[in-house]
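In what follows, a single structure is set out as structure tokens and then discussed.
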Amino acid sequence: MAGPAIIFDDGVLYERAMGAWSRLAGEVFLDWLAPAPGLRWIDVGCGNGAFTEALMERCAPAEVQAIDPSEGQLAYARTRPGARGAVFQRGDAMALPFEADRFDAAAMALVIFFVPEPEKGVAEMARVVGPGGLVAAYAWDMPGGGFPFHPAHQELRALGIAPPLPPRAEVSRTEGLRALWEGAGLEAVETRAITVQRHFESFDDYWESARSGSSLRAVLEAMAQEQVARIEAGVRARMPADRAGRITHTARANAVRGRVPA
């Protein structure tokens, strides 16, 4: 049985659960891309603006247009001090509201597996980026256990409960991303893994961030308290603390980049 649909419409809750993880992975991603300053960017599926803010702060862009289907997420994104200057608007990744060759670079940060038809999403990025321009993305390696809250997903499966997964989780594998990029006719396609670590002062800090995310929160709220307690205990057992009670957890994403044919 498939898990529940994942809907991100609360920028504050998303920030609490995923904000720090997004920034850690996004920094590695941008270091890998090493883009020139002064580019015109489109951030597709910008969510609450975590990656948009990184673009503005680290890449000296000439322009950043950021789109997302959620007004709640966009409202939060517009409050980010570091994202000032970016233009946020509602839009569909499979039908970008821009003319062809409008941008120098396009990025999808932790989004590609939520696009119902990812092939269309990649084709749209390639359409709006001019010849020789950059098209890139990264996504948590969901099938490979790279999601930051994978231990909770493991415990759900142990109870026979389907964890909440993106509708196209399979495209987050390296081979899936490469196939999408090459299928869109992009050239010089490269992939890499991104591994990041977060340190939590206690297991409770980790668990609070995990259960506050909209996807896992919806599942846990529908369960009996004793089931939730069992899942929490199972996750705690999977994540041993050091002598001071601190938790160190690792997550892994896969990234891809390619160029629009000149």
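Read-outs throughout are calculated quantities, based only on the coordinates presented, and are distinct from any laboratory measurement. Just so you know, these numbers come straight off a predicted model, no measurement behind them. All Cβ positions, even for glycine, are placed from backbone atoms using ideal geometry, and neighbour counts span all protein chains on display.
Here are some notes:
- Cβ-defined net charge surrounding Phe98, 14 Å radius [Lys, Arg +1; Asp, Glu -1]: -3
- Local electrostatic count at Asn254 - Lys and Arg +1, Asp and Glu -1, tallied over other residues with Cβ under 14 Å: +2
- Overall form of segment 163-207 per C-alpha gyration tensor (a/c, 1.5; a/b vs b/c): oblate
- Listing Thr191, Thr79 from fewest to most neighbouring C-beta atoms within 10 Å gives Thr79, Thr191.
- In the chain, the calculated helix contribution to ellipticity at 222 nm averages -10500 deg cm²/dmol per residue, counting -39,500 (n - 2.57) for every DSSP H run with n ≥ 4.
- GNM flexibility winner over the chain from Ala158, Ala184, Ala66 (Cα, springs under 10 Å): Ala158
- Size of electric dipole in the chain: Cβ of Lys, Arg +1 and of Asp, Glu -1, about Cα centre, debye, nearest 20: 400
- The fewest-to-most ranking of Phe113, Phe200 by surrounding Cβ atoms within 10 Å reads Phe200, Phe113.
- Going from the fewest other Cβ atoms within 10 Å to the most, the residues Ser212, Ser70, Ser202, Ser172 appear in the order Ser202, Ser212, Ser70, Ser172.
- Here the peptides 176-182, 121-127, 103-109 are ranked by packing, the mean other Cβ count within 10 Å, and the order with the highest first is 103-109, 121-127, 176-182.
- Degrees separating the helix 20-33 axis from the principal Cα axis of the chain, which is the longest one: 30
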